[in-house]
Amino acid sequence: MNLSPHFTLEEMLHSDTAEKKKIENRINAAEVDNLVRLCTKVLEPLREHFGVPIKINSGFRCRDLNDAVKGADNSYHTKGRAVDIPMHPGWLAYIRDHLPHTELINEGTWIHVAL
Ligand SMILES: [Zn+2]
């Protein structure tokens, strides 16, 4: 299922940890809506500006998956409001200066952004 022209629900739900631990990573409609908003307002404009595909390192996490990866208790990942994407030159500054976000964290080799 497409969330926006270049991002799918499948890539937002995918997790190696979930597969390994047989966690279903079940999402509800409101959380899907949040992902659509994140894709439309942040990821699509970022992709458009830099003209390259964006790999999703981590998208939605159900409660069990978030616990399994030791995510923060109230992580926006559990609400469909956050993604982790690889760090590339200029991306962090572009999001900071031009795109809406509630959280923006430089994690070194990746960027955590939430809306
Ligand atoms: Zn994150």
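Structure data summary
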{"quantity": "Label-point separation, Asp97 to Glu48 (7 Å along Cα→Cβ), nm", "calculated": "1.9 nm"}
{"quantity": "Those lysines that a straight Cα-Cα span of less than 19 Å connects to Lys41, excepting residues fewer than 8 apart in one chain", "calculated": "Lys55, Lys79"}
{"quantity": "Low-density loop cleavage sites - trypsin sites (Lys or Arg not before Pro) in the stretch 1-109, where at most 13 other Cβ are within 10 Å (DSSP)", "calculated": "Lys22, Arg26, Lys55, Lys70"}
{"quantity": "Neighbour net charge for Trp91 - beta-carbon separation under 13 angstrom, K R +1, D E -1", "calculated": "-1"}
{"quantity": "Global size of the stretch 39-99 as Cα Rg and Dmax, reported in angstrom", "calculated": "12.8, 35"}
{"quantity": "Translational diffusion coefficient (Stokes-Einstein; Kirkwood radius from C-alpha pairs) of the chain at 20 °C, 1.002 mPa s, in µm²/s", "calculated": "152 µm²/s"}
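Bear in mind that the values in this text are calculations on the coordinates, not laboratory data. As the structure is a computational prediction, the values presented were derived from the model and not from experiment. Here the Cβ is made from the backbone with ideal geometry for all residues, glycine too, and neighbour counts use every protein chain on show.
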